[in-house]
Amino acid sequence: MDCGRSKRRRQRYVEKNGRCNVQHGNMRKTYRYLTDIFTTLVDLNWRCSLLVFVMAYAVTWLFFGAIWYLIAYCRGDLDHLEDESWTPCVNNVNGFVSAFLFSIETETTIGYGHRVITDQCPVGTMLLLLQAILGSMVNAFMVGCMFVKISQPNKRAETLVFSRNAVISQRDDKLCLMFRVGDLRSSHIVGANMRAKLIKSKQTQEGEFIPLDQTDISVGFETGDDRLFLVSPLVISHEIDVRSPFWDMSQAQLEKEDFEIVVILEGMVEATGMTCQARSSYLAEELLWGHRFSPMMSLADGFFDVDYGAFHHTFEVNTPSCSARELALAAARLDAHLYWSISSRLDEEKWEGPNLTEQTGKSNDSESVREGDGPTFIVGGVTNTQDQSVVGEQNGSVTTDQSESEA
């Protein structure tokens, strides 16, 4: 069972070099390829393209050479080769080989001057015009195909490199999935944009099985971090939050999963202005939990030095093995515990404050009553000692003890 699962994991949807591992079969409407013959020829491999290029010229040369030979044969030019009074359609055409050479000279506009058409052959004049027009069309078509094939930016993607592994570690107390991308050329990719897809088969609640379902993985679309200034190698980060497909995935579960992450870098080649796309992929076993990429940039004398020898290097860091959901719940419980602890302390101080004030006030009243041995005289006719302070505060009365009044 483990061998079968590991074999399925090695079956990539997209290879590490960016080639899509998909073959189309049982295609009955093959005529659709002929309706777009230009793209079909451009998509051919170099061996087939060179074969088509050579055959296109050879067939047209042979075809028109045969027609020139047929004209000379039908007019009787081959029977009057030694007759100087006879005016042939094409001078010095004495067989199929010479007719074939005249066809090449006409279509390539070489014009050596030995074999020339005469004005006594209207059919030859019309054929000469037709061959010149068709020859120009063949030249334009085939040279255009070869130029587009040569200038294709596919080879430009060979200098756009991705890290061998992706890593999962914490950034700002949040689990993040990260991989590194770099450009080996000094000419930059203009408007570089990064995308990522999760390729994983799934089954819906209705029982429908969806093979190789594609799910977007955010690499900073909301914040604009997916638009890169790719002058030096960059670490692309995907924050594992509630919208991430890895929200419930822990380290132990990651080792049992079977999925593939396809990363796509698109941009315009600065030298040619053509759009370039580089692709790579990461299987589940190529994700390193608890690792971080090694630094590879240093400040030299007047410039920044990039060491591509450390491009694929990683090192271990302390990372929780739980999922991002469990990590978020633990952080929420810790915040709640701190909140209620602080709130309870504030409530205790709030309730202890008035009690201490009342106790202090009562102790002061009892001491004042104990100290008052003689009768108390109150201005305003109030004789109750307990109401003395209240009435005194309201009416502005001044209370004195007996000794003070006598003084």
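The values are calculated or read from the model by the stated rules, or taken from the named source; none is laboratory data. Because the structure is a prediction, the values reported are computed rather than measured. All Cβ positions, even for glycine, are placed from backbone atoms using ideal geometry, and neighbour counts span all protein chains on display. Quick note on the areas: whole protein, heavy atoms, side chains included, nothing else; ligands and nucleic acids left out. Shrake-Rupley method; radii C 1.70, N 1.55, O 1.52, S 1.80 Å.
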Where a ≥ b ≥ c are root eigenvalues of the Cα gyration tensor, a/c under 1.5 meaning rounded, otherwise prolate if a/b exceeds b/c and oblate otherwise, segment 136-246 counts as oblate
Distance (nanometres) between label positions extended 7 Å along Cα→Cβ at residue 321 and residue 305:
4.0
Rough spin-label spacing in nm, given labels placed 7 Å along Cα→Cβ, for residue 226 and residue 164
3.0
The set of residues whose placed amide H lies less than 5 Å from the amide H of residue 226, leaving out same-chain residues fewer than 5 positions away, is 221
So what is the accessible area of segment 37-87 per residue, in Å², with the probe set to 1.4 Å?
68
Using the heavy atoms of the protein chains alone and a 1.4 angstrom probe, what is the accessible area of segment 182-237 per residue in square angstrom?
62
For segment 130-194 and segment 44-117, what is the separation of their C-alpha centers, rounded to whole Å?
44
With the alpha-carbon atoms as the only input, what is the per residue convex hull volume for segment 211-278 in Å³?
133
Rounded if a/c is under 1.5, else prolate if a/b beats b/c, else oblate: with a ≥ b ≥ c from the C-alpha gyration tensor eigenvalues square-rooted, which is segment 192-329?
oblate
Checked segment 167-224 with the C-alpha gyration tensor, a ≥ b ≥ c its square-rooted eigenvalues, rounded below a/c of 1.5, otherwise prolate if a/b is larger than b/c and oblate if not; verdict prolate
What percentage of the solvent-accessible surface of segment 162-301, computed with a 1.4 Å probe over protein heavy atoms, is contributed by carbon and sulfur atoms?
49
What ranking, highest mean first, results for peptides 206-218, 147-159 when packing means the other Cβ atoms within 10 Å averaged over each residue?
147-159, 206-218
Apply the Karplus parameterisation 6.51 cos²θ - 1.76 cosθ + 1.60, with θ equal to phi minus 60°, to every residue of segment 170-183 and state each ³J(HN,Hα) to the nearest whole Hz, in sequence, with x for glycine and proline.
8, 9, 6, 6, 10, 5, 9, 9, 9, 9, 10, 9, x, 10
